[in-house]
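Colleague: I have a structure here, written as structure tokens, and I will follow up with some questions on it.
What follows is calculated from the coordinates using simple rules that are stated; it is not laboratory data. Being a predicted model, the structure only gives us computed values, none of them experimental. Every residue, glycine as well, gets a Cβ built from its backbone with ideal geometry; the counts of neighbours run over all protein chains shown.
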């Protein structure tokens with residue numbers, strides 16, 4: 001079966017995978033690619049293999065994601081049990097696919113084609129506010145990339161219309177930068193706001209000097225047949241769920 005994925009015009013193999021095309025069942029159906037959930041490990045391994053095959057067969061390298069700003073430079077692949085605790089990866093090595101998993105947080109893929117440097121970042125609100133995207137650009141620059149040549153693509157993530165938050169989360173984001181207030185709109189209830197995560201990510205990328213920014217504009221919460229969504233599952237009392245993979249490799 002051909003595994004479907006979305007692309008964003010980056011001139012290298014890359015894909016924002018959906019939940020379709022895998023072998024997992026139940027709440028994890030079907031292309032769950034998370035190594036940290038409660039799904040059958042053999043099913044997850046098959047799902048990840050299918051995704052890599054769809055991108056041309058690179059070796060997939062991932063992280064133990066922790067919602068922070070740490071970035072890892074990948075020189076050699078590591079085993080799944082040796083994943084670093086970080087939220088972004090960069091490399092200039094061919095044959096590797098840099099992968100991150102999400103279920104509402106923003107997946108962001110990066111490319112400087114001239115320098116042959118790629119990156120992938122997991123940007124939830126904590127990581128985005130803490131600077132994970134700016135840190136990814138800086139790490140790419142240290143490998144020879146130029147900010148003015150980097151293209152970045154924001155994949156499927158929870159949209160502002162679906163993301164109502166309370167004061168504690170808003171206060172934490174504003175503590176990082178008071179100008180982030182522009183990413184909050186009034187919610188439906190007193191003391192609630194709707195948060196624009198992809199907007200914050202796009203602004204962070206622009207501030208970091210990224211030349212070309214694409215936002216696919218797809219809301220994970222609003223498309224249950226297409227995407228996993230942690231918030232939707234929480235609202236529905238659905239229990240554990242899967243995560244979709246986003247990955248990029250050097251062509």
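Colleague: What relative contact order, as a whole-number percentage, does the stretch 139-224 give when Cα pairs under 8 Å and 6 or more residues apart are counted?
Modeller: 47
Colleague: When the Cα atoms of the stretch 63-175 are enclosed in a convex hull and the volume is divided per residue, what value in Å³ results?
Modeller: Here the figure is 112 Å³ per residue.
Colleague: Given labels modelled 7 Å from the Cα in the Cβ direction, how far is it in nm from residue 40 to residue 59?
Modeller: 2.8
Colleague: Listing 227, 17, 64 from the residue with the fewest other Cβ atoms within 10 Å to the one with the most, what is the order?
Modeller: Least crowded to most crowded, the residues run 64, 227, 17.
Colleague: Okay, next question. Could you please state, rounded to a whole Å, how far the C-alpha centre of the stretch 20-80 is from the C-alpha centre of the stretch 134-200?
Modeller: The stretch 20-80 and the stretch 134-200 have Cα centres separated by 24 Å.
Colleague: Expressed as a whole number of Å, what is the distance separating the alpha-carbon centroids of the stretch 81-98 and the stretch 215-241?
Modeller: About 26 Å separates the Cα centre of the stretch 215-241 from the one of the stretch 81-98.
Colleague: Can I ask one more? For the stretch 13-249, which semi-axes, largest first and in whole Å, follow from the square roots of 5 times the eigenvalues of its Cα gyration tensor?
Modeller: Details: eigenvalues 137, 114, 39 Å².
Each semi-axis is √(5λ); the values are 26, 24, 14 Å.
Colleague: If you don't mind, another one. Rank the residues 149, 232, 19 as a footprinting-exposure proxy: fewest other Cβ atoms within 10 Å of their Cβ go first.
Modeller: Ascending number of Cβ neighbours within 10 Å: 149, 232, 19.
Colleague: To continue, here is another question. Could you work out [θ]222 nm for the chain from helices alone, using -39500 (n - 2.57) per DSSP H run of at least four and dividing by all its residues? Round to the nearest 500 deg cm²/dmol.
Modeller: When only DSSP H runs of four or more count, the value is -7000 deg cm²/dmol.
Colleague: How long is the gain from residue 169 to residue 94 if the chain were fully straight, where each residue apart is worth 0.36 nm and the alpha carbon distance is subtracted?
Modeller: 23.1 nm
Colleague: Does the stretch 164-251 classify as rounded, prolate or oblate by the C-alpha gyration tensor (a ≥ b ≥ c root eigenvalues; a/c under 1.5 gives rounded; else a/b over b/c gives prolate, otherwise oblate)?
Modeller: Oblate is the answer for the stretch 164-251, as a/c is 1.5 or above yet b/c matches or exceeds a/b.
Colleague: Hey, in the GNM for the chain with a 10 angstrom Cα cutoff, which one of 178, 58, 84 fluctuates hardest?
Modeller: Looking only at 178, 58, 84, the biggest GNM fluctuation is shown by 178.
Colleague: How big is the stretch 1-108 by the Kirkwood estimate over distinct Cα pairs, in Å?
Modeller: 14.4
Colleague: With a cut-off of 8 Å between alpha carbons and a minimum separation of six or more residues, what is the relative contact order of the stretch 1-160 in percent?
Modeller: 19
Colleague: Among 52, 201, which comes first, second and so on when ranked by fewest other beta-carbon atoms within 10 Å? Could the numbers behind the result be given before it?
Modeller: Working: 52 20, 201 27.
The fewest-first ordering by Cβ neighbours comes to 52, 201.
Colleague: Within the chain, what percent of beta bridges assigned by DSSP are antiparallel, to the nearest 5?
Modeller: For the chain, the DSSP antiparallel bridge percentage is about 70.
Colleague: Place a point 7 Å from the Cα of residue 177 along the Cα-to-Cβ direction; which residues of the stretch 183-215 have their backbone N under 18 Å from it?
Modeller: Of the residues in the stretch 183-215, 183-185, 195-215 have backbone N under 18 Å from the label point off residue 177.
Colleague: Once the piece of chain linking residue 85 and residue 49 is laid out straight, how much longer is it, given 0.36 nm per residue of separation minus the C-alpha distance between them?
Modeller: Between residue 85 and residue 49, full extension yields 10.7 nm more.
Colleague: Highest GNM mean-square fluctuation, the chain, Cα pairs closer than 10 Å: which of 120, 222, 51?
Modeller: 222
Colleague: Now, a different point. Between residue 212 and residue 114, with labels modelled 7 Å along Cα→Cβ, what's the label distance in nm to one decimal, could you check?
Modeller: Label-label distance for residue 212 and residue 114, simple model: 1.2 nm.
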